[in-house]
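Notes follow once the structure below has been shown.
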Amino acid sequence: MTKIERLIDANLNRLREALRTLEDVQRYIYDNKELSYAFKELRHKLTPLFSTKRLKYRNIEGDVSKASTNSEMKRESLNDLISANFSRATESARVLEEAFKLIDVESSRVAKELRYTLYALEKKVFSE
């Protein structure tokens, strides 16, 4: 199960980082209090899923795919940045949903709920 814990750790971090990016765009660029807090609330819903016990499974030096691709290093617009972070967040939530099924079904449910909330927020952000 150590590899599952590593997978969960990486995707929790990825999801939290994407949510923070989306939160800060709404907060500092759009001054949108409602959406900023929506992303902040999602980020805080992740807190119970984190465990410092997973840190021992983190292997940054041995990560076979930590180098960024060219597309990850370039954004054409703010909408591209937002879209990329929605993708990062929803994909990570899906990985967490699946991985947690092996060790903690309730955490899997949290990840699934978060993923569907992100789909709704993405629609809202791009409809405004």
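The values are calculated or read from the model by the stated rules, or taken from the named source; none is laboratory data. Source: prediction; values computed, not measured. Methodologically, a virtual Cβ is constructed for each residue, glycine included, from the backbone with ideal geometry; neighbour enumeration extends over all protein chains shown.
I'd like to know if region 34-50 contains one or more residues that are at pLDDT 95 or above, among the polar types (S, T, N, Q) and under 17 Å from LYS3 (Cα atoms). Within region 34-50 (the criterion being at pLDDT 95 or above, among the polar types (S, T, N, Q) and under 17 Å from LYS3 (Cα atoms)), the answer is no, since none of the residues qualifies.
Inside region 95-108, residues that are surrounded by fewer than 15 Cβ atoms within 10 Å (Cβ to Cβ) and touching a residue at least 12 places away in the same chain (Cβ under 8 Å) make up a count of 2.
If you check LYS53 against the conditions, is it at pLDDT below 95 and farther than 30 Å from THR2 by Cβ? First the steps, then the outcome.
Values: at pLDDT below 95: yes; farther than 30 Å from THR2 by Cβ: no.
In short, no.
Count, please, the residues in region 31-58 that happen to be in a loop (DSSP other than H, G, I, E, B) and either surrounded by 13 or more Cβ atoms within 10 Å (Cβ to Cβ) or in contact with a strand residue (DSSP E or B) (Cβ under 9 Å, 6 or more places away or on another chain) (or both). Working first, answer last.
Pass one, region 31-58, residues in a loop (DSSP other than H, G, I, E, B): 31-32, 50-51, 58.
Subset that is either surrounded by 13 or more Cβ atoms within 10 Å (Cβ to Cβ) or in contact with a strand residue (DSSP E or B) (Cβ under 9 Å, 6 or more places away or on another chain) (or both): 32, 50, 58.
Of the residues in region 31-58, 3 are in a loop (DSSP other than H, G, I, E, B) and either surrounded by 13 or more Cβ atoms within 10 Å (Cβ to Cβ) or in contact with a strand residue (DSSP E or B) (Cβ under 9 Å, 6 or more places away or on another chain) (or both).
Would you point out the residue of region 89-114, among those that are in a helix (DSSP H, G or I) and charged (D, E, K, R), that is farthest from the chain's Cα centre (by Cα)? Here the residue is GLU106.
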